[in-house]
Amino acid sequence: MSQRLVYAVGPSGVGKDSLLAWLSGRLQPDTLMSVHIARRSITRAADHGTEQHEALSKQAFAALSAARAFAMEWHANGLNYGVRHSELMGLDAGGFVIVNGSRAYVPVVRLNWPGVCVLHVDAPASVVRERLLQRGRETADAVEARVARSQQVSARPLAGDLFIHNTGTLEDSGHLLLASLQQHFQRVKG
């Protein structure tokens, strides 16, 4: 069952949200087996970006955490992130679930879901800088700090992990992601 969980990681600005949004528009139940992209709960106001997350106040997030509403939760970039248990229900039904996660949380995911497939997404510093500046959420100094962190080694890869170098167009990188996932799905079905 854990092999059906795909945990996507990579620093801010490498395009994880955009890739997953692109992918969600192309997942056809009749051409791929059941695939669900988990909706995250985040202590950030809703915006019109690529991810339609559940926006929570810090107090609401803390209450849900105390009530054990999250199957996964982590803290990154000053925000709290969670994935509700219901978002992973597809795993029990034999489907695949993709979670947009955090590099720092990978050891916990590997412990709790042995066999999880970690999807590592990266991009060169120049691409990350441009994307972060276009988002307009942070100061130039904050962007440069994120760019520096983006070039650090991601979570330790293991056999069976997937890698996407998101350097081209969204369409090109999206097709690479889709092909990699289809190969992974076939191996698991195997």
For this session: For M72, enumerate residues with amide H under 5 Å from its amide H, sequence gap 5+ or separate chain, H modeled in the peptide plane.
Result: V83
Problem set entry | Gain on full stretching of the segment that runs from A179 to R156 - 0.36 nm per residue minus C-alpha separation | 6.0 nm
Problem set entry | Highest-MSF residue in the chain out of A21, A179, A104 [GNM, Cα springs under 10 Å] | A179
For this session: Treating each Cα of the range 43-148 as an identical point scatterer and ignoring solvent, apply the Debye formula and state log10 I(q)/I(0) at q = 0.12 Å⁻¹.
Result: -0.53
Seminar exercise, completed: Rounded to the angstrom and largest first, Cα extents along the principal axes for the range 113-189 equal 46, 28, 18
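How big is the convex hull of the Cα atoms of the chain, per residue, in Å³? Provide the component values of the computation, followed by the final result.
On the way: hull volume 22.0 nm³, N = 190.
So the per-residue hull volume is 116 Å³.
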For this session: Once you have the Cα-Cα distance between Q186 and A93, take 0.36 nm times their residue separation minus that, and quote the gain in nm to one decimal.
Result: 31.8 nm
Problem set entry | Highest-MSF residue in the chain out of R39, R137, R129 [GNM, Cα springs under 10 Å] | R137
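Read the figures in this text as sums done on the coordinates, not as results from a lab. Keep in mind it's a predicted model, so treat the numbers as computed, not measured.
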